[in-house]
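*Asks:* Starting off with a structure, shown below.
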Amino acid sequence: MSIDRPAEAGPGAALRVACSACGATVDPLAAEPFRCPAVGTDKGDVDHILECMPTGPAPVFPPPVADLGRENPFWRYRAFVPAYRIARALGLDDATYAAVVDRFDRAVAAVDGRPMRCTPVRAIAAGPGRLWLKDETGSVGRSHKVRHLYGVMLYLLVMAEAGGPGWAGLRDRRLGIASCGNAATAAAILARAADWPIDVFVPAEAAPGVLARLEALGATLRLCRRSAGQAGDPCAHALRAAVDSGTLPFTVQGPENGLAVTGVETLAFELAEQLWAHGEQPAWLALQVGGGALASGCWRGFARLRDLGIISNLPGLLVAQGRGCHPLLRAWRQMQADVGAGAESDAVLAAAARRRSRYMVPWSGLPAGVASGILDDETYDWRGILRGLVHSGGMMAVLEDADIVAARDWVRAATGIEVSHTGAAGVAAVQQRASHRSGAAVAVLTGHGTG
Ligand SMILES: Cc1ncc(COP(=O)(O)O)c(C=O)c1O
(Lines give C-alpha, C1' and ligand atoms only; values in the text may rest on other atoms or scores of the structure.)
Protein backbone atom coordinates (compact mmCIF):
# COMPACT_ATOMS: atom_id res chain seq x y z
CA MET A 1 0.00 0.00 0.00
CA SER A 2 1.32 3.46 -0.82
CA ILE A 3 1.88 6.17 1.77
CA ASP A 4 3.13 8.88 -0.56
CA ARG A 5 0.17 11.17 -0.08
CA PRO A 6 -1.15 13.30 2.73
CA ALA A 7 -2.98 11.66 5.61
CA GLU A 8 -6.72 12.21 5.37
CA ALA A 9 -7.10 12.68 9.08
CA GLY A 10 -4.10 13.78 11.08
CA PRO A 11 -3.36 14.17 14.75
CA GLY A 12 -6.33 15.84 16.35
CA ALA A 13 -8.74 13.86 14.21
CA ALA A 14 -10.44 12.29 17.15
CA LEU A 15 -12.91 9.66 18.12
CA ARG A 16 -15.81 9.88 20.52
CA VAL A 17 -16.97 6.60 22.04
CA ALA A 18 -20.28 6.73 23.85
CA CYS A 19 -23.18 4.44 24.71
CA SER A 20 -26.15 5.26 22.50
CA ALA A 21 -28.52 4.24 25.30
CA CYS A 22 -27.14 5.70 28.54
CA GLY A 23 -24.52 8.15 27.30
CA ALA A 24 -21.62 6.59 29.23
CA THR A 25 -18.33 7.35 27.50
CA VAL A 26 -15.09 5.40 27.12
CA ASP A 27 -11.64 6.83 26.48
CA PRO A 28 -10.43 4.43 23.76
CA LEU A 29 -6.79 5.32 24.46
CA ALA A 30 -7.11 4.05 28.00
CA ALA A 31 -9.69 1.22 27.84
CA GLU A 32 -11.04 -1.04 25.12
CA PRO A 33 -14.08 0.51 23.35
CA PHE A 34 -16.05 -2.72 23.25
CA ARG A 35 -18.85 -3.00 25.80
CA CYS A 36 -20.60 -0.15 27.60
CA PRO A 37 -19.14 0.17 31.11
CA ALA A 38 -22.66 0.63 32.51
CA VAL A 39 -23.73 -2.91 31.54
CA GLY A 40 -24.89 -4.62 34.71
CA THR A 41 -25.37 -1.40 36.66
CA ASP A 42 -29.07 -0.97 35.89
CA LYS A 43 -32.21 -3.09 36.00
CA GLY A 44 -31.63 -4.67 32.63
CA ASP A 45 -34.06 -3.10 30.14
CA VAL A 46 -31.46 -0.67 28.82
CA ASP A 47 -30.00 -1.55 25.43
CA HIS A 48 -26.40 -0.53 26.06
CA ILE A 49 -24.22 -0.32 22.96
CA LEU A 50 -21.06 1.71 22.41
CA GLU A 51 -20.85 3.76 19.24
CA CYS A 52 -17.54 5.00 17.81
CA MET A 53 -17.98 8.39 16.16
CA PRO A 54 -15.13 10.12 14.35
CA THR A 55 -15.02 13.83 15.16
CA GLY A 56 -13.04 16.70 13.68
CA PRO A 57 -12.73 17.76 10.05
CA ALA A 58 -14.55 15.73 7.39
CA PRO A 59 -12.26 13.20 5.68
CA VAL A 60 -11.55 13.51 1.97
CA PHE A 61 -13.96 11.25 0.09
CA PRO A 62 -13.41 9.41 -2.15
CA PRO A 63 -9.80 9.00 -1.06
CA PRO A 64 -7.45 10.15 -3.84
CA VAL A 65 -6.16 6.83 -5.12
CA ALA A 66 -7.58 4.96 -8.09
CA ASP A 67 -7.03 1.26 -7.66
CA LEU A 68 -9.93 0.37 -5.38
CA GLY A 69 -9.98 -3.33 -6.11
CA ARG A 70 -6.53 -4.05 -4.72
CA GLU A 71 -6.70 -1.98 -1.57
CA ASN A 72 -7.37 -2.86 2.02
CA PRO A 73 -10.52 -0.98 3.12
CA PHE A 74 -9.04 -0.35 6.58
CA TRP A 75 -6.25 1.50 4.81
CA ARG A 76 -8.28 3.16 2.08
CA TYR A 77 -10.95 4.51 4.45
CA ARG A 78 -8.61 4.89 7.42
CA ALA A 79 -9.81 8.42 8.11
CA PHE A 80 -13.06 6.81 9.31
CA VAL A 81 -11.47 3.80 11.01
CA PRO A 82 -11.34 3.96 14.84
CA ALA A 83 -8.04 2.04 15.02
CA TYR A 84 -6.39 4.61 12.73
CA ARG A 85 -7.74 7.54 14.72
CA ILE A 86 -6.51 5.93 17.92
CA ALA A 87 -3.12 5.25 16.33
CA ARG A 88 -2.74 8.92 15.38
CA ALA A 89 -3.90 10.10 18.79
CA LEU A 90 -1.28 7.83 20.36
CA GLY A 91 1.42 9.43 18.26
CA LEU A 92 1.82 6.79 15.53
CA ASP A 93 2.22 8.21 12.04
CA ASP A 94 0.70 7.10 8.72
CA ALA A 95 3.71 4.96 7.85
CA THR A 96 3.52 3.09 11.15
CA TYR A 97 -0.20 2.43 10.74
CA ALA A 98 0.47 1.23 7.18
CA ALA A 99 3.16 -1.10 8.50
CA VAL A 100 0.78 -2.55 11.13
CA VAL A 101 -1.90 -3.19 8.47
CA ASP A 102 0.64 -4.61 6.02
CA ARG A 103 2.18 -6.97 8.55
CA PHE A 104 -1.23 -8.22 9.64
CA ASP A 105 -2.39 -8.63 6.04
CA ARG A 106 0.58 -10.83 5.30
CA ALA A 107 -0.16 -12.95 8.37
CA VAL A 108 -3.85 -13.24 7.37
CA ALA A 109 -2.88 -14.28 3.84
CA ALA A 110 -0.57 -16.93 5.27
CA VAL A 111 -3.52 -18.43 7.19
CA ASP A 112 -6.38 -18.01 4.68
CA GLY A 113 -4.63 -17.63 1.36
CA ARG A 114 -5.87 -14.06 0.83
CA PRO A 115 -5.37 -10.67 2.47
CA MET A 116 -8.14 -8.25 3.38
CA ARG A 117 -9.20 -6.35 0.27
CA CYS A 118 -12.03 -4.17 -1.05
CA THR A 119 -14.50 -6.38 -2.90
CA PRO A 120 -16.04 -6.15 -6.37
CA VAL A 121 -19.53 -5.02 -7.31
CA ARG A 122 -21.43 -5.73 -10.50
CA ALA A 123 -24.80 -4.77 -11.92
CA ILE A 124 -27.51 -6.97 -13.39
CA ALA A 125 -30.84 -5.98 -14.82
CA ALA A 126 -33.67 -6.84 -12.45
CA GLY A 127 -37.18 -5.41 -12.56
CA PRO A 128 -37.47 -1.65 -12.09
CA GLY A 129 -33.90 -0.36 -12.10
CA ARG A 130 -30.59 -2.11 -11.89
CA LEU A 131 -29.56 -4.46 -9.13
CA TRP A 132 -26.00 -4.06 -7.92
CA LEU A 133 -24.45 -7.09 -6.28
CA LYS A 134 -21.57 -6.54 -3.87
CA ASP A 135 -19.61 -9.76 -3.74
CA GLU A 136 -18.15 -10.61 -0.34
CA THR A 137 -17.84 -14.32 -1.09
CA GLY A 138 -14.15 -14.04 -1.98
CA SER A 139 -13.17 -12.14 1.16
CA VAL A 140 -11.13 -13.52 4.06
CA GLY A 141 -13.09 -16.47 5.50
CA ARG A 142 -15.39 -16.19 2.44
CA SER A 143 -17.90 -13.88 4.06
CA HIS A 144 -18.34 -10.24 5.06
CA LYS A 145 -17.89 -11.14 8.74
CA VAL A 146 -14.18 -10.40 8.58
CA ARG A 147 -14.98 -6.70 8.21
CA HIS A 148 -16.45 -6.60 11.72
CA LEU A 149 -13.48 -8.32 13.32
CA TYR A 150 -10.59 -6.94 11.28
CA GLY A 151 -11.25 -3.49 12.73
CA VAL A 152 -11.28 -4.92 16.26
CA MET A 153 -7.99 -6.75 15.73
CA LEU A 154 -6.43 -3.63 14.23
CA TYR A 155 -7.38 -1.78 17.39
CA LEU A 156 -5.55 -4.41 19.45
CA LEU A 157 -2.51 -4.34 17.15
CA VAL A 158 -2.34 -0.54 17.24
CA MET A 159 -2.49 -0.63 21.03
CA ALA A 160 0.32 -3.20 21.02
CA GLU A 161 2.39 -0.98 18.72
CA ALA A 162 1.86 2.15 20.80
CA GLY A 163 2.10 0.53 24.23
CA GLY A 164 0.88 2.67 27.12
CA PRO A 165 -1.80 2.22 29.76
CA GLY A 166 -4.54 1.07 27.36
CA TRP A 167 -2.43 -1.90 26.34
CA ALA A 168 -1.65 -3.08 29.85
CA GLY A 169 -2.99 -6.58 30.43
CA LEU A 170 -4.82 -6.89 27.08
CA ARG A 171 -2.44 -9.51 25.65
CA ASP A 172 -3.06 -11.81 28.62
CA ARG A 173 -6.78 -12.06 27.91
CA ARG A 174 -8.25 -14.67 25.58
CA LEU A 175 -10.52 -13.73 22.69
CA GLY A 176 -14.06 -15.09 22.61
CA ILE A 177 -16.84 -15.25 20.00
CA ALA A 178 -20.40 -16.61 19.88
CA SER A 179 -21.35 -17.82 16.41
CA CYS A 180 -22.45 -20.86 14.49
CA GLY A 181 -20.33 -20.45 11.39
CA ASN A 182 -19.03 -17.59 9.28
CA ALA A 183 -18.21 -15.18 12.09
CA ALA A 184 -16.42 -17.87 14.09
CA THR A 185 -14.39 -18.80 11.02
CA ALA A 186 -13.37 -15.19 10.38
CA ALA A 187 -12.53 -14.73 14.06
CA ALA A 188 -10.44 -17.90 14.18
CA ILE A 189 -8.50 -16.87 11.03
CA LEU A 190 -7.69 -13.43 12.43
CA ALA A 191 -6.84 -14.82 15.87
CA ARG A 192 -4.51 -17.35 14.28
CA ALA A 193 -2.88 -14.62 12.19
CA ALA A 194 -2.30 -12.56 15.35
CA ASP A 195 -1.29 -15.67 17.31
CA TRP A 196 -3.92 -14.85 19.93
CA PRO A 197 -5.79 -17.66 21.77
CA ILE A 198 -9.53 -17.75 21.05
CA ASP A 199 -12.56 -19.57 22.46
CA VAL A 200 -15.40 -20.10 20.00
CA PHE A 201 -18.79 -20.62 21.62
CA VAL A 202 -20.70 -22.67 19.07
CA PRO A 203 -23.83 -24.84 19.08
CA ALA A 204 -23.05 -28.48 19.86
CA GLU A 205 -25.00 -29.39 16.71
CA ALA A 206 -23.01 -27.07 14.40
CA ALA A 207 -21.97 -28.58 11.06
CA PRO A 208 -19.04 -31.01 11.59
CA GLY A 209 -17.12 -29.38 8.73
CA VAL A 210 -17.32 -25.99 10.45
CA LEU A 211 -16.15 -27.43 13.77
CA ALA A 212 -13.25 -29.22 12.08
CA ARG A 213 -12.13 -26.00 10.34
CA LEU A 214 -12.26 -24.08 13.59
CA GLU A 215 -10.16 -26.69 15.33
CA ALA A 216 -7.70 -26.77 12.45
CA LEU A 217 -7.33 -23.01 12.85
CA GLY A 218 -6.35 -23.56 16.47
CA ALA A 219 -9.55 -22.23 18.07
CA THR A 220 -10.74 -23.82 21.31
CA LEU A 221 -14.28 -25.14 20.84
CA ARG A 222 -16.80 -24.40 23.59
CA LEU A 223 -19.85 -26.44 22.62
CA CYS A 224 -23.13 -24.99 23.88
CA ARG A 225 -26.49 -26.73 24.25
CA ARG A 226 -29.97 -25.32 24.57
CA SER A 227 -31.57 -25.98 27.94
CA ALA A 228 -35.29 -26.03 28.64
CA GLY A 229 -36.55 -22.73 29.97
CA GLN A 230 -33.57 -20.64 28.81
CA ALA A 231 -34.62 -18.02 26.29
CA GLY A 232 -32.13 -16.86 23.68
CA ASP A 233 -28.99 -18.33 22.20
CA PRO A 234 -26.95 -20.50 24.61
CA CYS A 235 -23.73 -19.51 22.79
CA ALA A 236 -24.45 -15.82 23.40
CA HIS A 237 -25.18 -16.53 27.07
CA ALA A 238 -21.95 -18.50 27.47
CA LEU A 239 -19.89 -15.80 25.77
CA ARG A 240 -21.41 -13.11 27.98
CA ALA A 241 -20.41 -15.07 31.08
CA ALA A 242 -16.87 -15.46 29.72
CA VAL A 243 -16.65 -11.72 28.97
CA ASP A 244 -17.81 -10.99 32.52
CA SER A 245 -14.77 -13.03 33.63
CA GLY A 246 -12.27 -11.17 31.44
CA THR A 247 -12.48 -12.67 27.94
CA LEU A 248 -12.18 -10.02 25.21
CA PRO A 249 -15.41 -9.98 23.14
CA PHE A 250 -14.01 -10.68 19.66
CA THR A 251 -17.55 -11.11 18.49
CA VAL A 252 -20.08 -9.52 16.17
CA GLN A 253 -22.98 -8.66 18.47
CA GLY A 254 -22.98 -4.90 18.99
CA PRO A 255 -23.96 -4.92 22.68
CA GLU A 256 -20.89 -7.08 23.39
CA ASN A 257 -18.58 -5.11 21.10
CA GLY A 258 -19.70 -1.85 19.54
CA LEU A 259 -16.40 -1.48 17.71
CA ALA A 260 -17.18 -4.65 15.74
CA VAL A 261 -20.24 -3.01 14.20
CA THR A 262 -18.12 -0.10 12.96
CA GLY A 263 -15.91 -2.28 10.73
CA VAL A 264 -18.75 -3.04 8.35
CA GLU A 265 -19.21 0.67 7.62
CA THR A 266 -16.39 0.08 5.14
CA LEU A 267 -18.92 -1.82 3.01
CA ALA A 268 -20.98 1.36 2.70
CA PHE A 269 -17.93 3.45 1.85
CA GLU A 270 -16.90 1.03 -0.88
CA LEU A 271 -20.42 0.83 -2.28
CA ALA A 272 -20.86 4.60 -2.31
CA GLU A 273 -17.55 5.02 -4.12
CA GLN A 274 -18.08 2.17 -6.58
CA LEU A 275 -21.57 3.27 -7.56
CA TRP A 276 -20.45 6.88 -7.71
CA ALA A 277 -17.89 5.83 -10.32
CA HIS A 278 -20.87 4.60 -12.37
CA GLY A 279 -22.78 7.83 -11.81
CA GLU A 280 -25.29 6.13 -9.55
CA GLN A 281 -26.50 6.36 -5.95
CA PRO A 282 -28.45 3.37 -4.67
CA ALA A 283 -32.14 3.98 -4.06
CA TRP A 284 -32.42 0.81 -1.96
CA LEU A 285 -30.01 -1.13 0.19
CA ALA A 286 -31.15 -4.73 0.76
CA LEU A 287 -29.58 -6.67 3.63
CA GLN A 288 -30.20 -9.99 5.32
CA VAL A 289 -30.46 -9.74 9.09
CA GLY A 290 -29.36 -12.21 11.73
CA GLY A 291 -27.82 -10.58 14.79
CA GLY A 292 -28.19 -7.27 12.98
CA ALA A 293 -24.65 -5.85 13.00
CA LEU A 294 -24.37 -6.03 9.21
CA ALA A 295 -27.48 -3.94 8.51
CA SER A 296 -26.95 -1.60 11.43
CA GLY A 297 -23.31 -0.87 10.58
CA CYS A 298 -23.73 -0.71 6.82
CA TRP A 299 -26.60 1.71 7.06
CA ARG A 300 -24.68 3.81 9.57
CA GLY A 301 -21.85 4.05 7.05
CA PHE A 302 -24.23 5.59 4.51
CA ALA A 303 -25.66 7.87 7.20
CA ARG A 304 -22.14 9.11 8.04
CA LEU A 305 -21.52 9.96 4.38
CA ARG A 306 -24.82 11.81 4.20
CA ASP A 307 -24.16 13.71 7.44
CA LEU A 308 -20.78 14.81 6.06
CA GLY A 309 -22.46 16.04 2.86
CA ILE A 310 -20.61 13.43 0.78
CA ILE A 311 -23.79 11.81 -0.55
CA SER A 312 -27.06 13.65 -0.91
CA ASN A 313 -29.58 10.88 -0.30
CA LEU A 314 -29.77 7.91 2.00
CA PRO A 315 -30.78 4.61 0.39
CA GLY A 316 -34.02 3.13 1.65
CA LEU A 317 -33.16 0.24 3.94
CA LEU A 318 -34.78 -3.07 2.97
CA VAL A 319 -34.09 -5.75 5.59
CA ALA A 320 -34.90 -9.43 5.40
CA GLN A 321 -35.38 -12.31 7.81
CA GLY A 322 -36.78 -15.79 7.22
CA ARG A 323 -40.23 -17.13 8.05
CA GLY A 324 -38.69 -19.52 10.60
CA CYS A 325 -36.98 -16.81 12.67
CA HIS A 326 -37.84 -13.11 12.40
CA PRO A 327 -37.60 -11.45 15.81
CA LEU A 328 -37.02 -8.07 14.16
CA LEU A 329 -40.57 -7.90 12.77
CA ARG A 330 -42.15 -7.50 16.20
CA ALA A 331 -39.73 -4.68 17.01
CA TRP A 332 -40.42 -2.95 13.70
CA ARG A 333 -44.22 -3.25 14.11
CA GLN A 334 -43.99 -1.86 17.63
CA MET A 335 -41.85 1.03 16.41
CA GLN A 336 -44.30 1.77 13.57
CA ALA A 337 -47.18 1.74 16.06
CA ASP A 338 -45.35 4.07 18.44
CA VAL A 339 -44.37 6.51 15.72
CA GLY A 340 -47.83 6.24 14.14
CA ALA A 341 -49.38 7.22 17.47
CA GLY A 342 -48.06 10.73 16.83
CA ALA A 343 -44.79 10.69 18.71
CA GLU A 344 -41.75 12.26 17.11
CA SER A 345 -39.66 9.43 15.65
CA ASP A 346 -36.29 10.43 17.15
CA ALA A 347 -37.89 10.71 20.58
CA VAL A 348 -39.40 7.23 20.18
CA LEU A 349 -36.03 5.85 19.06
CA ALA A 350 -34.29 7.43 22.03
CA ALA A 351 -36.91 6.11 24.46
CA ALA A 352 -36.68 2.61 22.93
CA ALA A 353 -33.07 2.38 24.16
CA ARG A 354 -34.44 2.16 27.71
CA ARG A 355 -37.33 -0.17 26.88
CA ARG A 356 -35.58 -3.04 25.15
CA SER A 357 -38.12 -5.73 26.02
CA ARG A 358 -40.97 -3.69 24.49
CA TYR A 359 -39.28 -4.19 21.11
CA MET A 360 -36.87 -7.12 21.13
CA VAL A 361 -37.75 -10.48 22.62
CA PRO A 362 -35.95 -13.75 21.79
CA TRP A 363 -37.61 -15.88 19.12
CA SER A 364 -39.86 -18.43 20.79
CA GLY A 365 -39.21 -21.95 19.57
CA LEU A 366 -36.29 -23.27 17.60
CA PRO A 367 -35.11 -20.96 14.80
CA ALA A 368 -35.39 -22.79 11.46
CA GLY A 369 -34.70 -22.15 7.78
CA VAL A 370 -32.31 -22.72 4.88
CA ALA A 371 -30.46 -19.47 5.51
CA SER A 372 -28.61 -20.68 8.59
CA GLY A 373 -26.60 -17.45 8.97
CA ILE A 374 -29.70 -15.45 9.89
CA LEU A 375 -31.20 -17.76 12.51
CA ASP A 376 -30.21 -15.62 15.49
CA ASP A 377 -32.67 -15.86 18.37
CA GLU A 378 -32.38 -12.11 18.87
CA THR A 379 -31.55 -9.23 16.58
CA TYR A 380 -28.93 -7.80 18.93
CA ASP A 381 -28.45 -4.64 16.86
CA TRP A 382 -32.19 -4.04 16.39
CA ARG A 383 -32.02 -0.38 17.41
CA GLY A 384 -29.54 0.63 14.71
CA ILE A 385 -31.73 -1.10 12.14
CA LEU A 386 -34.95 0.53 13.35
CA ARG A 387 -33.19 3.88 13.15
CA GLY A 388 -32.29 3.10 9.54
CA LEU A 389 -35.81 1.95 8.69
CA VAL A 390 -37.41 5.03 10.26
CA HIS A 391 -34.97 7.55 8.78
CA SER A 392 -34.97 6.07 5.30
CA GLY A 393 -38.65 5.12 4.92
CA GLY A 394 -37.48 1.53 4.82
CA MET A 395 -39.19 -1.85 4.58
CA MET A 396 -38.89 -5.31 6.10
CA ALA A 397 -39.42 -8.55 4.17
CA VAL A 398 -40.15 -11.92 5.76
CA LEU A 399 -38.98 -14.58 3.34
CA GLU A 400 -40.12 -18.11 2.61
CA ASP A 401 -37.37 -20.71 2.25
CA ALA A 402 -38.45 -21.39 -1.34
CA ASP A 403 -37.91 -17.75 -2.27
CA ILE A 404 -34.44 -17.75 -0.74
CA VAL A 405 -33.51 -20.91 -2.62
CA ALA A 406 -34.84 -19.42 -5.87
CA ALA A 407 -32.89 -16.19 -5.32
CA ARG A 408 -29.70 -18.11 -4.59
CA ASP A 409 -30.12 -20.21 -7.74
CA TRP A 410 -30.87 -17.10 -9.81
CA VAL A 411 -27.74 -15.29 -8.59
CA ARG A 412 -25.60 -18.38 -9.15
CA ALA A 413 -26.93 -18.79 -12.69
CA ALA A 414 -26.63 -15.10 -13.57
CA THR A 415 -23.18 -14.49 -12.11
CA GLY A 416 -21.44 -17.79 -11.40
CA ILE A 417 -20.88 -16.62 -7.82
CA GLU A 418 -21.33 -19.50 -5.38
CA VAL A 419 -23.35 -17.51 -2.93
CA SER A 420 -24.96 -19.22 0.07
CA HIS A 421 -28.66 -19.13 0.95
CA THR A 422 -27.95 -16.56 3.64
CA GLY A 423 -25.87 -14.51 1.24
CA ALA A 424 -28.70 -14.34 -1.31
CA ALA A 425 -31.53 -13.49 1.11
CA GLY A 426 -31.24 -9.77 0.38
CA VAL A 427 -31.74 -10.51 -3.31
CA ALA A 428 -34.88 -12.47 -2.42
CA ALA A 429 -36.11 -9.40 -0.54
CA VAL A 430 -35.50 -7.19 -3.57
CA GLN A 431 -37.49 -9.65 -5.69
CA GLN A 432 -40.32 -9.83 -3.15
CA ARG A 433 -40.56 -6.03 -2.98
CA ALA A 434 -40.03 -5.35 -6.71
CA SER A 435 -43.32 -3.50 -7.07
CA HIS A 436 -42.48 -1.17 -4.16
CA ARG A 437 -39.23 0.17 -5.49
CA SER A 438 -37.90 2.35 -8.22
CA GLY A 439 -34.27 3.18 -8.92
CA ALA A 440 -31.17 1.12 -8.38
CA ALA A 441 -30.96 -1.38 -5.55
CA VAL A 442 -27.90 -2.90 -3.92
CA ALA A 443 -27.75 -6.32 -2.33
CA VAL A 444 -24.70 -7.76 -0.60
CA LEU A 445 -23.75 -11.36 -1.36
CA THR A 446 -22.42 -11.88 2.14
CA GLY A 447 -21.33 -15.51 2.16
CA HIS A 448 -20.11 -18.44 0.09
CA GLY A 449 -21.28 -22.07 0.25
CA THR A 450 -24.47 -23.66 1.44
CA GLY A 451 -26.06 -22.32 4.65
C1 LIG B 1 -23.25 -14.93 5.25
C2 LIG B 1 -23.96 -14.10 6.27
N3 LIG B 1 -24.71 -13.08 5.84
C4 LIG B 1 -25.40 -12.30 6.70
C5 LIG B 1 -25.37 -12.57 8.05
C6 LIG B 1 -26.16 -11.69 8.95
O7 LIG B 1 -25.35 -10.75 9.61
P8 LIG B 1 -25.79 -10.19 11.00
O9 LIG B 1 -25.72 -11.32 11.98
O10 LIG B 1 -24.80 -9.12 11.32
O11 LIG B 1 -27.17 -9.66 10.86
C12 LIG B 1 -24.60 -13.62 8.54
C13 LIG B 1 -24.53 -13.88 9.97
O14 LIG B 1 -24.03 -14.89 10.42
C15 LIG B 1 -23.88 -14.42 7.62
O16 LIG B 1 -23.14 -15.45 8.03
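The values are calculated or read from the model by the stated rules, or taken from the named source; none is laboratory data. Nothing here was measured: the structure is a model prediction, and the numbers come from that model. As a convention, Cβ positions derive from the backbone with ideal geometry for all residues, glycine included, and neighbour counts pool all protein chains shown. With ligands, DNA and RNA removed, areas are computed over all heavy atoms of the protein, side chains included. Shrake-Rupley method; radii C 1.70, N 1.55, O 1.52, S 1.80 Å.
*Asks:* Using only the Cα atoms, what convex hull volume per residue in Å³ does region 365-451 have?
*Replies:* 109
*Asks:* Tell me, what HN-Hα J-couplings in whole Hz come from the Karplus equation 6.51 cos²θ - 1.76 cosθ + 1.60 at θ = phi - 60° for each residue of region 36-50, using x for Gly and Pro?
*Replies:* 4, x, 8, 4, x, 9, 10, 7, x, 9, 9, 8, 5, 7, 7
*Asks:* What accessible area per residue, rounded to a whole number of Å², is obtained for region 120-225 using a probe radius of 1.4 Å?
*Replies:* Computed with neighbouring chains in place, this is 36 Å² per residue.
*Asks:* Ignoring any ligand, DNA or RNA, what whole percent of the accessible area of region 299-429 comes from carbon and sulfur when the probe is 1.4 angstrom?
*Replies:* Looking at region 299-429 in its full context, I get 50 percent from C and S.
*Asks:* Taking the alpha-carbon centroid of each part, what is the distance from region 119-176 to region 305-377 in angstrom?
*Replies:* If we compute the Cα centre of each part, the gap is 23 Å.
*Asks:* If you don't mind, there's one more thing I want to ask. Kirkwood hydrodynamic radius, computed over distinct alpha-carbon pairs, for region 55-184: how many Å, to one decimal?
*Replies:* Numbers: mean 1/r = 0.0604 Å⁻¹.
Here the Kirkwood hydrodynamic radius works out to 16.6 Å.
*Asks:* What fraction of the Cα pairs in region 251-311, stated in percent, has a spacing above 19 angstrom? Don't skip to the end; give the middle numbers.
*Replies:* Values: 545 of 1830 pairs.
The proportion of pairs with Cα distances above 19 Å equals 30 percent.
*Asks:* Let me ask another. Using just the C-alpha positions of region 217-319 as equal point scatterers, what log10 of I(q)/I(0) does the Debye formula give at each q in 0.13 1/Å?
*Replies:* Cα-only, vacuum Debye calculation for region 217-319: -0.61.
*Asks:* Over region 154-236, with every protein chain in place, what whole percent of the accessible area is carbon and sulfur at 1.4 Å, could you tell me?
*Replies:* 50
*Asks:* Show me the trypsin sites (Lys or Arg not before Pro) within region 225-262 that DSSP assigns to loop and that have at most 13 other Cβ atoms within 10 Å of their Cβ.
*Replies:* Sites meeting the loop and neighbour criteria: Arg225.
*Asks:* Dipole of region 335-382, Cα-centred, from +1 at each Lys and Arg C-beta and -1 at each Asp and Glu C-beta, to the nearest 20 debye? Please list the in-between numbers first.
*Replies:* Values: 4 positive and 7 negative charges, 38 e Å.
Roughly 180 debye for region 335-382.
*Asks:* Over region 399-450, one equal point on each Cα, no solvent: what is log10 I(q)/I(0) by the Debye formula at q = 0.28 Å⁻¹?
*Replies:* Once normalised to I(0) and log-transformed, intensities are -1.09.
*Asks:* Probe of 1.4 angstrom, ligands and nucleic acids ignored: what's the accessible area per residue over region 245-401, in square angstrom? Don't skip to the answer; put the middle values down first.
*Replies:* Working: 4920 Å² over 157 residues.
With all protein chains present, region 245-401 gives 31 Å² per residue.
*Asks:* Taking the alpha-carbon centroid of each part, what is the distance from region 206-241 to region 275-293 in angstrom?
*Replies:* 31
*Asks:* With charges set only on the Cβ (+1 for Lys and Arg, -1 for Asp and Glu), what does the dipole of region 199-283 come to about its Cα centre, in debye to the nearest 20?
*Replies:* Once rounded to the nearest 20, the dipole reads 460 debye.
*Asks:* Quick one: putting +1 on the C-beta of Lys and Arg, -1 on the C-beta of Asp and Glu, what dipole do you get for the chain around its Cα centre, in Debye to the nearest 20?
*Replies:* 340
*Asks:* If we restrict to alpha carbons, what Rg and Dmax does the chain come to, in Å?
*Replies:* Rg and Dmax of the chain, Cα atoms, are 20.2, 60 Å.
*Asks:* Can you say what percent of the DSSP beta bridges in the chain, counting only those with both residues inside, are antiparallel? Round to 5.
*Replies:* Taking every DSSP beta bridge with both residues in the chain, the antiparallel ones total about 35 percent.
*Asks:* What are the residues whose amide H is under 5 Å from the amide H of Gly218, where those residues sit 5 or more places off or on another chain and H is modelled from the backbone?
*Replies:* none
*Asks:* I would also like to ask the following. So what are the three principal axis dimensions of region 153-299 from its Cα atoms, in whole Å, longest to shortest?
*Replies:* Result for region 153-299: principal-axis Cα extents of 50, 44, 28 Å.
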